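Report on one structure; see the data block that follows.
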Ligand code: NAP
Ligand code: ZN
Ligand code: ZN
C-alpha cells in the first residue's frame with residue numbers, strides 16, 4: 001500500500017482540506033503514477049458540493065490527471081517506468097458488455113463505468129479517490145499516453161474537457177465548412193472552440209460574458225455572439241448544422257434550438273444542478289431537429305483525441321493554482337470567472 005496525500009471534501013458545505021489514504025498494491029496490470037498536475041472540472045465542484053446527490057464523503061475529486069509512471073505491474077505492456085501517463089474520468093468498467101466491446105466504456109451496460117472518483121472501488125470496497133492527490137494506481141487499460149510535444153500542465157484538461165467535446169464533434173461527423181456553435185466559454189467550451197476549429201468548422205461561440213469576446217476569437221471562433229442579446233441571436237436563426245452546449249447551469253434551450261437548420265442537432269454535455277425548462281417540442285418537430293446528450297468518451301477515442309491534439313498543437317489555456325487555493329477556484333468557477341481551466345500544481349501538496 002502507498003501512503004498518499006490528498007485534498008478531500010468532508011461534506012457539501014465545508015472547504016476541501018488535507019486528507020491521507022492508501023493507494024492499493026499493484027496488481028499485474030496496474031501502473032502507479034506520480035501525479036504532477038490535475039485539472040479542475042466543474043463536475044468536481046458539482047460532486048464535492050453535493051449538487052448531484054450521491055457524493056460519498058470524504059470525496060477526493062479530480063479526473064484530469066497527468067504525471068509520470070513510477071512503477072508497473074508484472075504484466076504491464078503499454079507503459080514503462082519514467083513515461084508520461086494520463087488518467088481521465090474512468091478507471092474501470094465491465095469490459096465485456098456490447099458498449100465496452102465497442103470501446104464505449106463510458107456507456108458500460110454491465111456494472112456501469114467506474115468513475116475516477118466517487119465510483120465503486122472493487123479493490124477497496126469503498127469509493128475511488130481522484131486526482132487531487134500525489135499518486136494513483138490504475139489499470140493500464142484505463143491509462144493514456146501523453147504526446148511529448150505539448151506542455152504537460154496544459155494537457156491535463158484534455159483528459160475530461162478535451163474528450164467531452166471531441167467525442168460529440170466526431171460522433172456528429174463535423175466536416176470542414178459546417179456551421180458549428182459552441183455554447184459557454186468555460187473549460188469544456190474553450191476546448192470545443194479549439195477542436196471544432198481544428199476540424200475545419202465555421203465556429204460561432206455563444207457566451208454570456210462580454211469580457212470573453214476577444215478571447216473567443218483568439219481561441220479560434222470565427223464569430224462570437226452574446227447569447228443574452230436577442231438581436232444578435234436573431235441573426236442566426238435556422239443556420240446551424242450543429243451546436244454543442246457546455247453550459248453548467250439551467251437555461252432556456254429554445255434560444256439555441258431555433259438557431260438550428262432543418263435536421264440540425266444540439267448536444268448537451270452540461271449537467272446542471274437544476275433542470276432546464278422543457279424545450280418547445282414544436283421547435284424540434286417542425287424542422288426535424290435533434291436534441292441529444294453525450295458523456296465523456298471511450299478510452300480508445302480519448303487516446304485518439306490526445307494524438308489529434310499532439311498533431312495540431314492543441315492544449316488548454318490554464319491558470320495554475322496551489323492545492324490550498326481550490327475553494328477560491330471553485331467560487332470563481334461558479335461566477336464563470338475561469339480562463340479557461342484551473343490546473344493544480346501537485347507539487348504544492350507535497351510540500
Ligand atoms: P465551466 O468551466 O464552469 O464552464 C461553464 C460555462 O457555462 C461558463 O464559463 C459560462 O460561460 C457558461 N455559463 C455558466 N452559467 C451560465 C448561465 N447561467 N447561463 C448561461 N451560461 C452559463 O464548466 P465546465 O468544466 O466546462 O463544465 C461544464 C458542464 O459540463 C458542467 O455541468 C460539468 O459538470 C459538465 N460536464 C459534463 C461532462 C459529460 O461527459 N457530459 C463532462 C465534463 C463536464 P460564458 O461565460 O461564456 O457564458
Ligand atoms: Zn470532468
Ligand atoms: Zn461494460
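The values are calculated or read from the model by the stated rules, or taken from the named source; none is laboratory data. Keep in mind that what you see is a predicted model, and the values were worked out from it rather than measured. Cβ atoms come from the backbone with ideal geometry, glycine included; neighbour counts cover every protein chain shown.
A compact table of results
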{"quantity": "First in region 95-109 and touching a residue at least 60 places away in the same chain (Cβ under 8 Å), second anywhere and assigned to a helix (DSSP H, G or I) and within 16 Å of ligand 2 (Cβ to nearest atom), Cβ under 7 Å, 6 or more apart", "calculated": "103/299; 103/301; 105/299"}
{"quantity": "Residue 181 vs. criteria away from ligand 3 (no atom under 16 Å from the Cβ) and assigned to a loop (DSSP other than H, G, I, E, B)", "calculated": "no"}
{"quantity": "Any hit, region 43-50, residues being over 29 Å from residue 147 (Cα atoms) and either away from ligand 1 (no atom under 15 Å from the Cβ) or without any contact (Cβ under 8 Å) to a residue 60 or more places away in the chain (or both)", "calculated": "yes"}
{"quantity": "Only one of 322, 332 that is within 12 Å of ligand 1 (Cβ to nearest atom) and modelled with pLDDT of 95 or more", "calculated": "332"}
{"quantity": "The listed residue being out of contact with any helix residue (DSSP H, G or I) (no Cβ under 9 Å at 6 or more places or on another chain), farther than 20 Å from residue 302 by Cα and buried (at least 19 other Cβ atoms within 10 Å of the Cβ), out of 179, 122", "calculated": "179"}
{"quantity": "Among (1) closer than 30 Å to residue 239 by Cβ; (2) out of contact with any helix residue (DSSP H, G or I) (no Cβ under 7 Å at 6 or more places or on another chain); (3) part of a loop (DSSP other than H, G, I, E, B); (4) in contact (Cβ under 8 Å) with a residue 12 or more places away in the chain - the single one residue 189 does not satisfy", "calculated": "(3)"}
{"quantity": "Residues being part of a helix (DSSP H, G or I) and touching a helix residue (DSSP H, G or I) at 6+ places or on another chain (Cβ under 8 Å) - total across region 129-156", "calculated": "3"}
{"quantity": "Pick from region 309-323, criterion buried (at least 18 other Cβ atoms within 10 Å of the Cβ) and within 16 Å of the chain's Cα centre (by Cα), ranking: nearest to residue 339 (Cα to Cα)", "calculated": "318"}
{"quantity": "Long-range neighbours under 6 Å by Cβ, at least six apart or interchain, first residue in a loop (DSSP other than H, G, I, E, B) within region 198-210, second within 13 Å of ligand 1 (Cβ to nearest atom)", "calculated": "208/227; 208/228; 209/336"}
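Conditions (1) in contact with a helix residue (DSSP H, G or I) (Cβ under 9 Å, 6 or more places away or on another chain); (2) modelled with pLDDT of 95 or more; (3) buried (at least 19 other Cβ atoms within 10 Å of the Cβ), marked per residue:
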residue: 237; (1), (2), (3): no, yes, no
residue: 242; (1), (2), (3): yes, yes, yes
residue: 293; (1), (2), (3): yes, yes, no
residue: 302; (1), (2), (3): yes, yes, yes
